[in-house]
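Student: Please find one structure pasted underneath; my questions will follow.
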Amino acid sequence: MPTLTVNGTALHYLDAGRGPGAVLLLHAFPLHGGMWAQQVEALAARHRVVVPDYRGLGQSTPAPLASTMELLAEDVRALLGHLRLERVAVVGLSMGGYLAFEVWRQLPAAVRGLVLCDTKAGADTPEGAAGRETFARNTLEQGLHWVADQMTPRLLKPDPAPAAVRAVRHLIGGATPAGVAAAQRGMALRPDSSPTLATITVPTLVVVGEEDGLTPPAEAEKIAAGVARARLVRIPGAGHLPCLENPAAFTAALAGFLDGLPA
């Protein structure tokens, strides 16, 4: 898996498949691009699939003080330029959805379709932003085991499968405390994307796990209602990470949408 030195960071990414259309997969917090492994395997036969790690999450280093959506979108811009990709379908889950909104604002001509998964358009409340700062400080003091203890139950459905618990804890272990803290601070600074919804003119799919407690189906419904002609798909038996908890249903919905996009 190659690394691109850009914008003062070593950006680690996967570039798989050689289909006519390209797909950019943007991962959730506090995981890394490895969360998409099952989707990459399924999609790479028909699509070119690009999967970056954010700074300090996975193998991209170093972490900044705050991984703002603007900064991460600049990394995406540089990566697409390096790979000579002029048009991509952008798939973002959770924090990846926040980043997908920013990519759309910065690079609308480069986006041929959007998939917004288990995310929300609104910005943090002041209380939510303060909670993220507390989480960031606790992470730096207590480390990734504490992060895994805090986040794993939130990311999965109630009474999750043991394999899903192990997978999520393993993915969190691929981060750095500085990267987790930077991501929390960056998400606290993200803009309200609610006004962005009406500007989205490309085909859009909204996906949500039916048992998502972090960004529940009501948030997905708001996004789908705000984007013209968006389609909403609910994934049964899944919480905030349907790509891991019900990969068959999630990947089928994703592949069906992507296969219908013009290259």
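Read-outs throughout are calculated quantities, based only on the coordinates presented, and are distinct from any laboratory measurement. What you are looking at is a predicted structure, and each value in this text was computed from that prediction instead of being measured. Every residue, glycine among them, receives a Cβ derived from its backbone with ideal geometry; neighbour counts consider all protein chains shown.
Student: Only four residue types carry charge here, +1 at the Cβ of Lys and Arg and -1 at the Cβ of Asp and Glu. Report the dipole size of region 1-121 about the Cα centre in Debye, rounded to the nearest 20.
Tutor: Approximately 320 debye in magnitude.
Student: In a Gaussian network model over the chain where Cα atoms closer than 10 Å are linked, find which of 58, 17, 239 has the largest mean-square fluctuation.
Tutor: Largest GNM mean-square fluctuation: 17.
Student: Ordered by residue, what ³J(HN,Hα) values in Hz, to whole numbers, does region 175-184 give under the Karplus form 6.51 cos²θ - 1.76 cosθ + 1.60, where θ = phi - 60° and Gly and Pro are x?
Tutor: 8, 10, x, 5, x, 5, 4, 5, 5, 4
Student: Residue by residue through region 224-238, which ³J(HN,Hα) values in whole Hz follow from phi under the Karplus form 6.51 cos²θ - 1.76 cosθ + 1.60 (θ = phi - 60°), with glycine and proline marked x?
Tutor: 4, 6, x, 9, 4, 6, 5, 10, 10, 10, 9, 9, x, x, 9
Student: Return the whole-Å distance between the Cα centroid of region 144-211 and the Cα centroid of region 46-75.
Tutor: First find each Cα centre; the distance between them is then 14 Å.
Student: Further question: As a check on your grasp of the helix formula, calculate [θ] at 222 nm for the chain: sum -39500 (n - 2.57) over DSSP H runs of n ≥ 4, divide by the residue count, round to the nearest 500.
Tutor: Calculated at 222 nm, the ellipticity per residue is -13000 deg cm²/dmol.
Student: Check residue 88: other-chain or 5+ apart residues with amide H under 5 Å from its amide H, H built from backbone geometry?
Tutor: The answer is 111, 112.
Student: Another question, then. Can you list the residues, at least 5 places off or on another chain, whose amide H is less than 5 Å from the amide H of residue 26, using H built in the peptide plane?
Tutor: Close amide H contacts, sequence-distant or interchain: 91, 92, 93.
Student: A further question on this structure: Pull up all non-local amide H partners of residue 6: gap of 5 or more, or a different chain, and H-to-H distance under 5 Å with H placed in the peptide plane.
Tutor: Result for residue 6 returns 11.
Student: Next up: Tell me the label-point distance for the pair residue 150, residue 129, using the 7 Å Cα-to-Cβ offset, in nm and rounded to one decimal.
Tutor: According to this spin-label approximation, the distance is 1.9 nm.
Student: Rounded to the nearest 0.05, what FRET efficiency do residue 82 and residue 221 have when you use their Cβ-Cβ distance and R0 = 35 Å?
Tutor: Once the sixth-power term is evaluated, E becomes 0.40.
Student: Assuming a ≥ b ≥ c are the square roots of the Cα gyration tensor eigenvalues, decide whether region 1-60 counts as rounded (a/c under 1.5), prolate (otherwise, with a/b larger than b/c) or oblate.
Tutor: Verdict is oblate for region 1-60.
Student: Moving on. Applying 1/(1 + (r/R0)^6) with R0 = 30 Å to the Cβ-Cβ distance of residue 192 and residue 18, what FRET efficiency is obtained, to the nearest 0.05?
Tutor: It comes to 0.20.
Student: Still on this structure, please answer the following. Give me the three principal axis extents of the chain from the C-alpha atoms, as integers in angstrom, largest value leading.
Tutor: Taking the Cα atoms of the chain, the three principal extents are 48, 40, 36 Å.
Student: Starting from the Cα of residue 140, step 7 Å toward the Cβ, then list every residue of region 166-185 with an amide N under 16 Å from that point.
Tutor: 176-185
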